[in-house]
Amino acid sequence: MRKLFSLTAVSAATLALAACGSADDASTEASADTVEMPADSALAPVSDAPVADPSATATDAPEAVPAATATAAGDAAADVADKALEAAAEGEATE
């Protein structure tokens, strides 16, 4: 009886949502007036020259990381990996 009630409730909700939709006339064709930008103006050639941005602060080379910091990060990552392997092995042993 519960399955029948659930099926009836879902069907009623589906029909109610379908009744709330709108029906636009799909037979009308799109024209240049109905789109945001006609394709001809979007494909027009650009005649402006590029301008340098004085606020841009790009550098050619990234900052060098000190060797001690890189080594410490590598050691910390290895420790985390070892702990994860130990935890996984303990989890398999208890199952």
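Just so you know, all these numbers are worked out from the coordinates, no wet-lab data involved. Computed from a prediction, not measured in an experiment: that's the story for all the values here. Every residue, glycine among them, receives a Cβ derived from its backbone with ideal geometry; neighbour counts consider all protein chains shown.
Annotations for the structure displayed:
- Cα-projected label distance for ALA67 with ALA81, points at 7 Å along beta-carbon direction, nm: 2.1
- Using the average count of surrounding beta-carbon atoms within 10 Å as a protection proxy, the listed peptides 47-55, 74-82 rank, highest first, as 74-82, 47-55.
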